[in-house]
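Data block below; observations after.
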Ligand code: MSP
């Protein structure tokens, strides 16, 4: 390790009541890019994903499928594990909330909260949505024309009346507000932070944290008529995976750097309940929660009843993994909602990958192959244009750090594409094919500057498109140990005379099948 620090990044854990869809793939991919970037930048990284397997929603789905909840969880958890693999994810752990290590962590957290006087036994009477696994206050509900009530998310709600343990959330209002104030970056983007703060300022109710009307959950220690509320169970996964209740070891090492990446619908759980629970247990809240937006499909809300759910595996089969990874993080400013469409996907794939980046690499490497005896050419004295080009390429890493530390993937990719476009402009302007006849030494310089620019670009795109970028680095004969950011910049610049393999295209165009 270079001593750059530690980095802990997590996806939400996914409910096992259903198959993986584009929303799951999105967060997982975003986390993977961050994990890869930080590892390449010398950080000691832990990247966690997994599945959320308890609660009424999973129990009901299992019942509907005529299965035991654990059997349904085993089946669907395996699908999420497989999705991570197919997405090329570099997760270091995959947690399941049905694992013994997790029961142990949840019960330890529960006992700590009880010991600290943060949990008491009472009676819950109010609205609950099984689909959202969330309690709602009367004034949050929408009343439909017939008088029926609905959650603000559109999910059905039911009236629940049962004994319940409560977490004294109401006592944490001021301390939460003080935490947001003291840590301006702890919830992002700013719109979500404002939303969370105004929710907390509006006053907090104690949170019901156990249920007695079903069984599929982690038993409350000492009162087995109750199972823990599934969100208390689920949130705890982030510390289970660090070895909690042991707060030495991985917990001490990674927890201070925790970044939870979530969708905008679950920000309240992560930025209100979770930090309050942690503080109540005497632990630090996470360092940051980033909430991204939601995808629509060809302009329409994605829903099972409409039948327009996007299967990430189909996308990958159709367009290719690197292309899908690129599209999802390039198309939409991270944090905003975005629309998936075949047209937008093909547009990015053909214009930015095949035309801009792919052609740059292909034409430069084939000119080197043909005119420089298949080896890195020797550069002469640098011109002003060369210095500008190399300055932009070598300056990229700093730009990426700035953007990715704020999870602004689209900004990072835009910075990379500015260099891709500048390099294409440089090729056209320098016209090495003309120099070949008039000034071969200058042609060599130009091709060296371009090859070095491509090396920087491939290192920059490696976290986003590991496979294609790796193949570009192969074509530049970059050894494995020089594929880190310690090798970014002039100190590791390409060495003239290095033999290069025969170039091959890495970004195919998408060609529409002709209509029958
Ligand atoms: N199990 C909880 C999370 C517990 S974390 C301690 C959960 N699971 S989920 O499977 O329903 O959803 C996981 C994620 O998918 C959420 O972050 C949600 O925002 C995201 N998405 C679901 N549909 C989506 C889109 N259409 N677009 C983008 N993300 C979406 O919630």
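The values are calculated or read from the model by the stated rules, or taken from the named source; none is laboratory data. Note that the coordinates shown come from a computational prediction; the quantities given were computed from them, not determined experimentally. Please note: Cβ atoms are built from the backbone with ideal geometry, for glycine as well, and neighbour counts cover all protein chains shown.
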Open item on the list: Take the residues in segment 255-272 that are within 9 Å of the ligand (Cβ to nearest atom) and closer than 12 Å to residue 48 by Cα; name whichever of them is surrounded by the most Cβ atoms within 10 Å (Cβ to Cβ).
Closed with: 260
Task: The one condition in (1) out of contact with any strand residue (DSSP E or B) (no Cβ under 6 Å at 6 or more places or on another chain); (2) under 21 Å from residue 113 (Cα atoms) that residue 166 fails to fulfil - done: (1)
- [ ] Among the numbered conditions (1) within 12 Å of the ligand (Cβ to nearest atom); (2) assigned to a loop (DSSP other than H, G, I, E, B); (3) over 15 Å from the mean Cα position of the chain (by Cα), tell me where residue 58 comes up short.
- [x] (2)
- [ ] Could you give me the residue pairs with C-beta distances under 6 Å whose first residue belongs to segment 353-379 and is modelled with pLDDT under 95, whose second residue is surrounded by 19 or more Cβ atoms within 10 Å (Cβ to Cβ) and assigned to a loop (DSSP other than H, G, I, E, B) wherever it lies, and which are 6+ apart or on separate chains?
- [x] 374/500
Task: Among the residues listed as 452, 481, 513, the single one being closer than 27 Å to residue 404 by Cβ and surrounded by fewer than 14 Cβ atoms within 10 Å (Cβ to Cβ) - done: 481
TODO: Take segment 323-362 and flag every residue that is buried (at least 21 other Cβ atoms within 10 Å of the Cβ) and closer than 18 Å to residue 309 by Cβ.
DONE: 324, 327, 328, 340
TODO: Give me the pairs, please: first residue somewhere in segment 336-348 and more than 11 Å from residue 298 (Cα to Cα), second residue anywhere and in a loop (DSSP other than H, G, I, E, B) and within 16 Å of the ligand (Cβ to nearest atom), beta-carbon distance under 7 Å, and either six or more positions apart or on two chains.
DONE: 336/293; 337/293; 337/294
Open item on the list: Given the condition surrounded by fewer than 19 Cβ atoms within 10 Å (Cβ to Cβ), within 14 Å of the ligand (Cβ to nearest atom) and without any contact (Cβ under 8 Å) to a residue 40 or more places away in the chain, answer yes or no: does some residue in segment 235-254 qualify?
Closed with: no
Task: Answer from 309, 289 - the residue that is surrounded by fewer than 21 Cβ atoms within 10 Å (Cβ to Cβ) and within 13 Å of the ligand (Cβ to nearest atom) - done: 309
- [ ] Note down all Cβ pairs under 8 Å where the first residue falls in segment 284-296 and is within 30 Å of residue 308 (Cβ to Cβ), the second is within 7 Å of the ligand (Cβ to nearest atom) and assigned to a strand (DSSP E or B), and they're at least six residues apart or on different chains.
- [x] 289/262; 290/262; 291/262; 291/263; 292/262; 292/263; 293/263; 294/263
TODO: State yes or no: is residue 200 more than 16 Å from the ligand (Cβ to nearest atom) and either within 31 Å of the chain's Cα centre (by Cα) or part of a loop (DSSP other than H, G, I, E, B) (or both)?
DONE: yes
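Quick grid of which residues meet (1) farther than 22 Å from residue 75 by Cα; (2) more than 8 Å from the ligand (Cβ to nearest atom):
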{"site": "5", "(1), (2)": "yes, yes"}
{"site": "13", "(1), (2)": "no, no"}
{"site": "19", "(1), (2)": "no, yes"}
{"site": "35", "(1), (2)": "yes, yes"}
{"site": "40", "(1), (2)": "yes, yes"}
{"site": "45", "(1), (2)": "yes, yes"}
TODO: For segment 188-225, enumerate the residues that are out of contact with any helix residue (DSSP H, G or I) (no Cβ under 7 Å at 6 or more places or on another chain), under 30 Å from residue 59 (Cβ atoms) and either surrounded by fewer than 22 Cβ atoms within 10 Å (Cβ to Cβ) or without any contact (Cβ under 8 Å) to a residue 60 or more places away in the chain (or both).
DONE: 210, 212, 213, 215, 219, 222, 223, 224, 225
Task: Among (1) closer than 25 Å to residue 217 by Cβ; (2) within 12 Å of the ligand (Cβ to nearest atom) - the single one residue 71 does not satisfy - done: (2)
Open item on the list: Which count do you get for residues in segment 325-335 that are in contact (Cβ under 8 Å) with a residue 24 or more places away in the chain and under 18 Å from residue 508 (Cβ atoms)?
Closed with: 3
